[in-house]
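Below: one structure, written as structure tokens.
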């Protein structure tokens, strides 16, 4: 018996991953966000959780209707939750039946846990040659840090991204969990590539993705600077140590406009057309970006002298007319109420165990399909249905409940 791949009907077209069954032994963010994106594309995602509390991200906070955490609601819509103690031999048998019917298995349990219980990616690929199995870890295998627990902040600190964020000596973690999200998205990309390859080879793949390697990859441009010059760039807040002018400047009405130039031609337009400073445009010491980075304080002073005389709306209009990139420095409430999201109808209602909740649509837009925006599952909500589907009788299911295996 195979697991059904029937899911919610697509509102536009045929969902591209509708034929895939994904099993996620997942917690926190990296693996859940990966499998949620697969669910957004139509895959049936069965989330396996510990009966005692489930994914610990459920309890980060009570932001959603006073019951669910913000992280869990974000990363787990469109899934089915099966509560299962796979440490019990009977629970392990349930898991084995799920693996036998899965196209994809994703896990991000504690270091060494999947290996001990027999479902690390290489182990699954040996037993089930068609499965695409992914291990998401903090640091990958084979190094001195491989044994360590790894959370987003810890990995970002270790991989250097905190050192290039913040202002001067006040280092900072980027506000969103970039290591988690990045590892999740590399997982999605790798799964899609492996599924495509399977159509030709008939075989799946064993894949490993680490948060550390993800951040190191994204650090490549700044490592190139240090490799080439011997210098480490100093972070400078809402700006870039590699480009000038590029940053946030106060306006007369108490807001901030963010503007910048990415080439010498844009700098000329900014200096002459916007600032009215031919002297800056003609200054040979400011001709190239590396010169302007070195003399950043002088340029920033000139820009602030202009922005503080205009409102943020007027500043953006002038910059748009000059063909220069700009934005308003928004807070979270500003983004929630952003007219650009409203005009493009980017919000949808998602069901949760605590009640309906607003969520933005996934970024990809196509006329071929629309994300089903499935419900956020309650802990173990689909356990009985899935067990019955893979061959367990009502009496067997009742026994598993009685013994707290599920």
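General observations
- Those residues of region 25-36 which are part of a helix (DSSP H, G or I) and in contact with a helix residue (DSSP H, G or I) (Cβ under 8 Å, 6 or more places away or on another chain), in sequence order: 30, 31, 32, 33, 34, 36
- When restricted to residues that are crowded, with 16+ Cβ neighbours inside 10 Å and in a helix (DSSP H, G or I), region 163-206 contains 19.
- In summary, helices (runs of 4 or more DSSP H) completely within region 245-331 and bearing 3 or more residues that are surrounded by 14 or more Cβ atoms within 10 Å (Cβ to Cβ) and touching a residue at least 40 places away in the same chain (Cβ under 8 Å) occur at 289-294, 296-307, 312-321.
- All of 322, 305 fail the test of being within 25 Å of residue 254 (Cβ to Cβ) and in contact with a helix residue (DSSP H, G or I) (Cβ under 7 Å, 6 or more places away or on another chain), apart from 322.
- Residue 148 free of Cβ contacts under 8 Å to residues at least 40 places away in the same chain and either closer than 22 Å to residue 112 by Cβ or over 16 Å from the mean Cα position of the chain (by Cα) (or both): yes
- Every condition in (1) more than 30 Å from residue 367 (Cα to Cα); (2) in contact with a strand residue (DSSP E or B) (Cβ under 8 Å, 6 or more places away or on another chain); (3) not in a strand (DSSP E or B) holds for residue 39 except the one numbered (1).
- The listed residues are 91, 66, and the only one of them that is at positive phi and more than 19 Å from the chain's Cα centre (by Cα) turns out to be 66.
- Residue check for residue 366: farther than 25 Å from residue 260 by Cβ and either outside the structural domain of residue 253 (by TED's automatic domain parsing) or assigned to a loop (DSSP other than H, G, I, E, B) (or both): yes
- Considering 58, 52, 87, 62, the condition of being assigned by TED's automatic domain parsing to the domain that holds residue 384, assigned to a loop (DSSP other than H, G, I, E, B) and within 17 Å of residue 381 (Cα to Cα) is satisfied by 52 alone.
- Scan region 102-122 for residues that are free of Cβ contacts under 8 Å to residues at least 12 places away in the same chain and closer than 18 Å to residue 190 by Cα and the total you get is 0.
The values are calculated or read from the model by the stated rules, or taken from the named source; none is laboratory data. Just so you know, these numbers come straight off a predicted model, no measurement behind them. As a convention, Cβ positions derive from the backbone with ideal geometry for all residues, glycine included, and neighbour counts pool all protein chains shown.
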